[in-house]
Structure formats: C-alpha cells, structure tokens
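K.L.:
Sharing a structure with you now.
The values are calculated or read from the model by the stated rules, or taken from the named source; none is laboratory data. On a predicted model such as this, the values are computed, not experimentally measured, just so you know. What goes into the accessible areas is simple: the full protein's heavy atoms, side chains included, and nothing from ligands, DNA or RNA. Shrake-Rupley method; radii C 1.70, N 1.55, O 1.52, S 1.80 Å.
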Amino acid sequence: VKALETFLAEGSRQRAEGRSKGEESVDGVIFYNRRTKISVYALRALLYYMKILENLLPDKTLLRLESCNLDEEQAIVRLLVSSIQASAKCPSCDSPTHKIRGHYERKLADLSWANYSTCIFLRVRKFFCINAECKRRIFTERLASIVLPWARRTTRLASQLRRASSNGTENRDKKISL
C-alpha cells in the first residue's frame, strides 16, 4: 500500500514536471505507466480497496495486509496478513528480543464480511530468547489483542460468539419463566 501511495505521488509529480518515464520502481515493485491512463486508475483503485481491507483487520497497528483472495463460489474472503512488530517478549521470562528464528502461518476464522466468511492466514514469527537463564529457547510472538495462543478464532469473533450464546441462554430462560 505504501509503495502504491509513493508511486502515485511520485508519478503525479513527474508528470507535472514533464519527465515521466515508461517504467518506475518503488520498493522493488515495478509499475508500468507508458501512455496508459487505465493502469494508473487501476493502481488507484487497488490502493483504495487495500486501504479499506486494512481498516477491516482485527488490529491494523500490529498487522500488515499482504494479499486478499475472494472466492465467490465458496463465499470466502482469504487474507494473508503479517505481524509488523519490531520485537517480541519471551512468554517465560518477559525478556524482549529481536532475533528471529523463522515464521509460520496460522489459519484463523474472523468476523464475516456481509455474506462472506473470512479466513485469515496470519504469518507469525518465531524468536530466540536472548536470556541465557531462561529455559525457553524458542518462542512464537504473541498477538493477544488479535488471537490467543493456540486459538483458531480471532478474539473479536470469539467474544461475539460468547455474546450470542449468552443472549440465547437469557432468551431461553425468559421463555421458560413465562
């Protein structure tokens, strides 16, 4: 998203100065704009939709949207999302670290968008604990505001399901007491 914003701003400035090139690169991504207004409009539309999707993420301060896939046959929105935290704290000794060991993806269910169920593929990182006295050498970063450890649902989906089930119980009890 930032690369697209930079490209569009830079391209507008270059066109105003009359020195636009046929091929431009921002953050390693190459965009072509040689005499095609449609490509610039398509990039603007893509930027607009990516911004909308980023605002629908569970916590956009901790996550970056990598890609989105809409499966109309199965009515599923699939999002590939990465954590953008610079460091993480060891859950055992609470020591901060930035030494990354690797990463893996978690598959999470999230709130549905209109008639589409949402599946988030969350890419989280594994870190080395730098505290020599800590018994845990490797740990996975925690994103407590988004998902609990080992959970398969986002916290906002889980809380909505709890509210719905407690409302159902209250309504059932009211019917019985009448």
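K.L.:
Under a 1.4 angstrom probe, counting protein chains only, how are Glu141, Glu72 ranked by accessible area, largest first?
P.N.:
Sorted descending by solvent-accessible area, the residues read Glu72, Glu141.
K.L.:
A further question on this structure: With all protein chains present, calculate the accessible area of Ser166 using a 1.4 Å probe and round the result to the nearest 10 Å².
P.N.:
Estimated to the nearest 10 Å², Ser166 gives 50 Å².
K.L.:
If DNA, RNA and ligands are ignored and the probe is 1.4 Å, what is the ranking of Glu54, Glu66 by accessible area, most exposed first?
P.N.:
Per-residue accessible area, sorted high to low, gives Glu66, Glu54.
K.L.:
What accessible area per residue, rounded to a whole number of Å², is obtained for the range 113-163 using a probe radius of 1.4 Å?
P.N.:
Ligands and nucleic acids excluded, the figure is 63 Å² per residue.
K.L.:
Just the accessible area for Asp110, please: 1.4 Å probe, Å², rounded to the nearest 10?
P.N.:
Accessible area of Asp110: about 10 Å².
K.L.:
State the volume of the convex hull built on the alpha-carbon positions of the range 89-143, expressed per residue in Å³ and rounded to an integer.
P.N.:
Roughly 79 Å³ of hull volume per residue.
K.L.:
How much solvent-accessible surface does Val124 expose, in Å² to the nearest 10, with a 1.4 Å probe and all protein chains in place?
P.N.:
Here the residue's solvent-accessible area equals roughly 0 Å².
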